[in-house]
1. 7 Å from Cα along Cα→Cβ at both residue 392 and residue 82: what's the point-to-point distance in nm?
2. For the range 263-289 and the range 182-226, what is the separation of their C-alpha centers, rounded to whole Å?
3. Taking Cα centroids, how far is the range 297-350 from the range 406-458 in Å?
4. Please report the relative contact order for the range 239-389, taking Cα pairs under 8 Å with a sequence separation of at least 6, and give it as a percent rounded to a whole number.
5. Decide, for the range 31-127, between rounded, prolate and oblate: order the square roots of the alpha carbon gyration tensor eigenvalues as a ≥ b ≥ c, take rounded if a/c falls under 1.5, and otherwise choose prolate if a/b is larger than b/c, else oblate.
6. Can you give the relative contact order of the chain as a percent, counting alpha carbon pairs under 8 Å and 6+ residues apart?
7. Please state the relative contact order of the range 31-127 as a whole percent: Cα pairs under 8 Å, 6+ residues apart?
8. Between residue 204 and residue 243, what is the FRET efficiency for a Förster distance of 41 Å, r being their Cβ-Cβ separation, to the nearest 0.05?
């Protein structure tokens, strides 16, 4: 099998089904201590984020967050301790070994939860990054959409969607497009035309974005380009690669955005478990992989590329507190994304390849920012043309797209996916996509944003292009 086909297969596993073979637990062998530690870290991290970011009930967390997950972990969740939630301290602890401290995750305002390193006690919590923003979450109930949450009478949550559109939304929740839908929001010409949530969720319920976070990262980096902090054509100049002769110095910021850095990716590029819930650090894990292909010449879906791009921004800003505040002050809060929590490792690196919790409405706001070509309330937040930039094909493409561009397929831009030749879907459509059925579909020619959130699993995966075609047909 060619290298490119292997990479395409990894992508399919990562985004379509997430049914990769267990990479830790082996059949007929008792789980190792490390496997149990990772399982405990998973339970602690997801429970922490769901409780303190999402405000979710424990019964819902058990079903939505801890079932139908990675096959290698789900059986082990019964072998580790129960999640012990300290609502005052805003921590979650899960035991995995009698002679070791429990795996801990701790929440802070704005920054969400961080997984503490294995072996750490709660004394480490005080060392975690903290920020205090003047832009605290305000009451936006009387402020008109999209900056606030008040919608026009007869649309959004204040009324029923148009009849044809209601049929498409009904189908999203009844299984016509497969998946387990938790939220749908449809916006045209800047107004919400349809919005619905599953029982127990509201417009304020944050869910994990999974890899939709990559598109949020691209937006934060776009703000940094607008501010003159970054030029995507420049070399990364990362300190970890600064030793004379290191060939990784040839990698540009654009290479990272396009997923063609040429860096080796162990296992599958969508699996960075040590960073996500193992207590590992971006600075240790994402920076250590060697170069195995010329930068710009091989597309390979890799969480590490996104995390490294954000690491570039941290080093460009040069001041930790200003960096931790940057996403909020320069993007999120400027466009009303007050229910968005970009989480970080315990050393203060944002894990923006997956680890963001946000609402359907906040994602719709981000989509509208792109339809506005980066302008919000008269301010150019993203560079003019940034929307075209992220939606332009990278120099190398996923195999299914590159092999035959005349058939339906997904291409890749700069941390956004490109939809081409899907029936009923315009070819200018691009999207932020994430595991378990997270979709933010942007259709510039129709001035439409479609947000769908879910808890999909394995073969039961939501058909985003088919749903998009149904919505667009209804809007006509």
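1. 5.6 nm
2. 26 Å
3. The distance from the Cα centre of the range 297-350 to that of the range 406-458 comes to 23 Å.
4. Answer for the range 239-389 is 20 percent.
5. oblate
6. For the chain, the relative contact order is 19 percent.
7. With pairs under 8 Å counted, the relative contact order is 30 percent.
8. 0.30
A short reminder: the numbers here are calculations on the coordinates, not readings from a lab. It should be emphasised that the depicted structure is a prediction, and the values quoted were computed from it without experimental measurement. Virtual Cβ from ideal backbone geometry, glycine too; neighbours counted across all protein chains shown.
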